[in-house]
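Right, one structure below, let's go through it.
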Number of protein chains: 2
Amino acid sequence: MYTLIHYPLCPFSRSIRLVAGELKIDPLLVEEHPHTSDPEFFEINPAGTLPVMIVDDGPVLCGPYAISEYLSETRPSTSDTQLNNGLFPGDAAVRAETRRLVDWFHVKFYNDVSICFLEEKIYKSTDPDGTAPDIKMLRAAHQNLKTHLRYIGTLSEQRNWLSGEDLSFADLAAAAQLSCLDYLGDVPWDECEAARIWYARVKSRPSFQSLLRDRVPGLIPSSIYTNLDF
Amino acid sequence: MYTLIHYPLCPFSRSIRLVAGELKIDPLLVEEHPHTSDPEFFEINPAGTLPVMIVDDGPVLCGPYAISEYLSETRPSTSDTQLNNGLFPGDAAVRAETRRLVDWFHVKFYNDVSICFLEEKIYKSTDPDGTAPDIKMLRAAHQNLKTHLRYIGTLSEQRNWLSGEDLSFADLAAAAQLSCLDYLGDVPWDECEAARIWYARVKSRPSFQSLLRDRVPGLIPSSIYTNLDF
């Protein structure tokens, strides 16, 4: 049994929920806010970051890097999973490409785009002392998002999936980031058809369906959020 | 043959140089500035980050995550290396702990401490248009550094090395960050004896010696930088 401490609109939590779905792991979900200062949570993860996966009679896994590699190493036999060739398929070079892209989405995309939308539109709106969103910052993040969409489009036109022939953790990490922005209705899908087609393929996977049921109090998802034909 | 694109006082480049030293890989070193806007470098790594490892007749590996995992998967037999049990030794749980700590030093320590010292004391001093260092920011980073030193001390008192019985990439990632600050003479070693003892053990390893020979023009290293008995 697994317990996942997560936040519904945390992109890193979502990437691990997608992994769990693909590997047919059904963790008990426990919600924690990304800005928590709960000392009990810091006892579990001194970095104070999400997600955290607790394995019954096993280790406490902190962060998407440790969790994804652990699940990749210990996952059940491939026949039980939807992800036929594992989270990091291919040879060492393809796995390096998957990891480069995971880093791209977890660090570069997050810092260029996601963090701004999350802070300005989600955390501020759910904070009783929150101020109005900073329009200038959101505009810059929106511009960055267009560049990233084009990069996703280019990769998905050159390859079957983002890092190669097979679906990998790179696709799940990328889709997890985009899904939070899609909840807000902030992804300009008409800017890049190839990126839209790639996202529609990930969004249609059974592992994605629990994400589409997420609701954050006070924040109604965009009209296209649950639509598979957006 | 391997080529490593690096910067002498980039902590991520240093972590990979330590890995290379431990695995008895002797890459050709090519220097690039962390703030480069050279389009040729962005062709190699679209993220524009360091380090990049180019494997002859093999892949281009971008970033410490992809490089460390690739070298761990493809490293020569253990008898040829100093790192007897690999970069990620132990069982899956210990490897998850190593990766948690790599994340801790590459993300949390870097953002809490290193980035401030690097920007304020190194990049500004080597930039002809650079302004004076921001003393308030440096003071905050120095406070954070004390907290991190105590954490390193606690871990090294509970375990033989930071993530467990064996030296791992966690130790190299941590020492790489600290070594940049030690060049500047900014590590308050007298604040935490256990952290000092742990660092002295890493600093004494043969893999560390090339780092101690680094010099950045216009920046003289602190008097204790090369001293193994500091």
TODO: Would you check which residues across the stretch A:49-71 are crowded, with 17+ Cβ neighbours inside 10 Å and assigned to a loop (DSSP other than H, G, I, E, B) and list them?
DONE: A:Thr49, A:Leu50, A:Pro51, A:Pro59
Open item on the list: Conditions first: (1) outside any helix (DSSP H, G or I); (2) surrounded by fewer than 22 Cβ atoms within 10 Å (Cβ to Cβ); (3) modelled with pLDDT of 95 or more. B:Leu228 passes all but one, so which condition is the exception?
Closed with: (3)
Task: Residue among A:Leu18, A:Leu29 that alone is more than 12 Å from chain B (Cβ to nearest Cβ) and in a strand (DSSP E or B) - done: A:Leu29
- [ ] For residues that are more than 7 Å from chain A (Cβ to nearest Cβ) and at pLDDT 90 or above, tally how many sit in the stretch B:62-93.
- [x] 10
- [ ] From B:Gly218, B:Gly185, B:Gly164, grab the single residue that is at positive phi, at pLDDT below 95 and not assigned by TED's automatic domain parsing to the domain that holds B:Ile25.
- [x] B:Gly218
Task: Count of the stretch B:100-148 residues which are within 14 Å of another protein chain (Cβ to nearest Cβ), farther than 14 Å from B:Leu184 by Cα and surrounded by fewer than 20 Cβ atoms within 10 Å (Cβ to Cβ) - done: 7
- [ ] For the stretch B:82-94, indicate whether the set of residues that are within 21 Å of B:Tyr7 (Cβ to Cβ) and crowded, with 19+ Cβ neighbours inside 10 Å is non-empty.
- [x] no
TODO: Filter the stretch B:25-39 down to the residues that are more than 27 Å from B:Lys124 (Cβ to Cβ) and touching a Ser or Thr at 6+ places or on another chain (Cβ under 8 Å), then identify the one that is surrounded by the fewest Cβ atoms within 10 Å (Cβ to Cβ).
DONE: B:Leu28
Open item on the list: Quick check on A:Glu22: is it in the same structural domain as A:Ser204 (by TED's automatic domain parsing) and in contact with a Ser or Thr (Cβ under 8 Å, 6 or more places away or on another chain)?
Closed with: no
Task: Candidates B:Leu118, B:Leu101 - the one that is closer than 22 Å to B:Leu155 by Cβ and in contact (Cβ under 8 Å) with a residue 60 or more places away in the chain - done: B:Leu101
Open item on the list: Out of A:Phe42, A:Phe12, I need the residue that is within 14 Å of chain B (Cβ to nearest Cβ) and either outside any helix (DSSP H, G or I) or surrounded by fewer than 15 Cβ atoms within 10 Å (Cβ to Cβ) (or both). Which one?
Closed with: A:Phe42
Open item on the list: I want to confirm something. Restricting to the stretch B:180-199 and keeping residues that are in contact with a helix residue (DSSP H, G or I) (Cβ under 6 Å, 6 or more places away or on another chain) and small (Gly, Ala, Ser), which single residue is surrounded by the fewest Cβ atoms within 10 Å (Cβ to Cβ)?
Closed with: B:Ala194
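The values are calculated or read from the model by the stated rules, or taken from the named source; none is laboratory data. For clarity, every value in this text was computed on a predicted model and none was experimentally measured. Here Cβ is always computed from backbone atoms with ideal geometry, including for glycine, and neighbour counts include all displayed protein chains.
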